[in-house]
Amino acid sequence: MDNKIVKGIVTGIEPYGIFVKIDDENSGLIHISEISNKFVKDPADFANIGEEIEAEIIEVTNEGNIKLSIKNLYGEKKKKKHKRQIIETSLGFKTLKYKLPIWTVENLKKHKNNSISIDK
């Protein structure tokens, strides 16, 4: 039954998820972590009570609880982050050690020119 797409009616919305009635005998929960791959502040932003919704069954527990998900049904596949490879130079941190005092002086001059004094 896992990974099956079902239709159901939203029967409740709580801060932790959305309750869905699948049929007369079964209902399930879309936990807040299964609503979207993006940050979800309020599940009510994603469904309304009484609305028909499609969800994927991701697990049926031994107790008979049905765990549902909608985050991968609507084109929100989780994107893999490409790790940027760091190429170490032969100078290592020597460049930073050399440049940091120069950058500090430049920024102090820039901010001094942009600051407003109450004495002026």
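Checked against the criterion of being within 16 Å of I5 (Cα to Cα), outside any strand (DSSP E or B), of a type outside the set (V, I, T) and at pLDDT below 70, the candidates G92, G75 yield just one match: G75. I need the full set of residues from the stretch 30-62 which are in a loop (DSSP other than H, G, I, E, B), at negative phi and in contact (Cβ under 8 Å) with a residue 12 or more places away in the chain, in order please. Of everything in the stretch 30-62, those that are in a loop (DSSP other than H, G, I, E, B), at negative phi and in contact (Cβ under 8 Å) with a residue 12 or more places away in the chain turn out to be I35, S36, N37, K38, D42, F46, A47, N48, I49, E51.
The residues in the stretch 20-72 that are surrounded by 17 or more Cβ atoms within 10 Å (Cβ to Cβ) and charged (D, E, K, R) can be counted, and the count is 4.
Every residue in the stretch 31-57 that is farther than 11 Å from I18 by Cα and touching a helix residue (DSSP H, G or I) at 6+ places or on another chain (Cβ under 7 Å), please. V40, the sole residue that qualifies.
The single condition among (1) at pLDDT 75 or above; (2) under 24 Å from the mean Cα position of the chain (by Cα) that G50 does not meet is (2). Within the stretch 20-29, being free of Cβ contacts under 8 Å to residues at least 40 places away in the same chain and not charged (D, E, K, R) holds for S27, L29.
Among residues of the stretch 8-29 being among the hydrophobic types (A, V, I, L, M, F, W, C) and part of a strand (DSSP E or B), the one that is farthest from A55 (Cα to Cα) is I13.
The values are calculated or read from the model by the stated rules, or taken from the named source; none is laboratory data. Quick caveat, the model's predicted, so the values are computed rather than measured. All Cβ positions, glycine included, derive from the backbone under ideal geometry; neighbour counts span all protein chains shown.
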